[in-house]
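Only one structure is covered here, and it is reproduced in the block below.
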Amino acid sequence: MRILTKRDLTKFNNQNFVSLTDDSFFQKLVDHMLIDNNVNQGKVLKVDNHVVGTNAAAQGAGIFVTSYDFAEKWIGKKPFNLVEIPTTLLNFDIAVSYHYKASTLIKEIAKSLEALEEAYGKKLGII
């Protein structure tokens, strides 16, 4: 498996993409990466999870960005390209803010969201 470069991303411009639904945080990271690299996506299908997205891409519906674990079962079964996206291409720019007079509950929720952001960023290796 080869590692995707910024130059490689230009080959994805105006290609068909299978996408997770708009409420997916992972999809937002992927979309942000593509937008930052001037890649226009032709989203032909939106799916609810990685299993369906990986299966659709392996059947030829379009490009789908997922984890290796979901793509691994297709290796050797269908011809497809598998490349690694370095976490350095992903931007993790989320902010949580609240009014200084916010309730204790709101402040606790904000702290929890900040902790989730940090944990996810560490898992991806970008924090």
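The values are calculated or read from the model by the stated rules, or taken from the named source; none is laboratory data. Because the structure is a prediction, the values reported are computed rather than measured. Here the Cβ is made from the backbone with ideal geometry for all residues, glycine too, and neighbour counts use every protein chain on show.
Filter the range 83-107 down to residues that are hydrophobic (A, V, I, L, M, F, W, C) and at pLDDT below 80 and give me whichever is surrounded by the most Cβ atoms within 10 Å (Cβ to Cβ). First the steps, then the outcome.
Kept after step one, since they are hydrophobic (A, V, I, L, M, F, W, C), are these residues of the range 83-107: 83, 85, 89-90, 92, 94-96, 102, 105-106.
Applying the additional criterion that residues be at pLDDT below 80 yields 89-90, 92, 94-96.
Working: LEU89: 19, LEU90: 17, PHE92: 15, ILE94: 14, ALA95: 7, VAL96: 12.
Here the residue is LEU89.
Out of the range 55-89, which residues are among the β-branched types (Val, Ile, Thr) and over 17 Å from ASP22 (Cα atoms)?
Result: ILE75, VAL83, ILE85, THR87, THR88.
Go through the range 38-84 and give me each residue that's in a strand (DSSP E or B) and without any contact (Cβ under 8 Å) to a residue 40 or more places away in the chain.
GLN41, GLY42, LYS43, VAL44, LEU45, LYS46, VAL47
In the range 1-25, which residues are free of Cβ contacts under 8 Å to residues at least 40 places away in the same chain, surrounded by 13 or more Cβ atoms within 10 Å (Cβ to Cβ) and out of contact with any helix residue (DSSP H, G or I) (no Cβ under 8 Å at 6 or more places or on another chain)?
ASN13, SER24 - these are the residues of the range 1-25 that are free of Cβ contacts under 8 Å to residues at least 40 places away in the same chain, surrounded by 13 or more Cβ atoms within 10 Å (Cβ to Cβ) and out of contact with any helix residue (DSSP H, G or I) (no Cβ under 8 Å at 6 or more places or on another chain).
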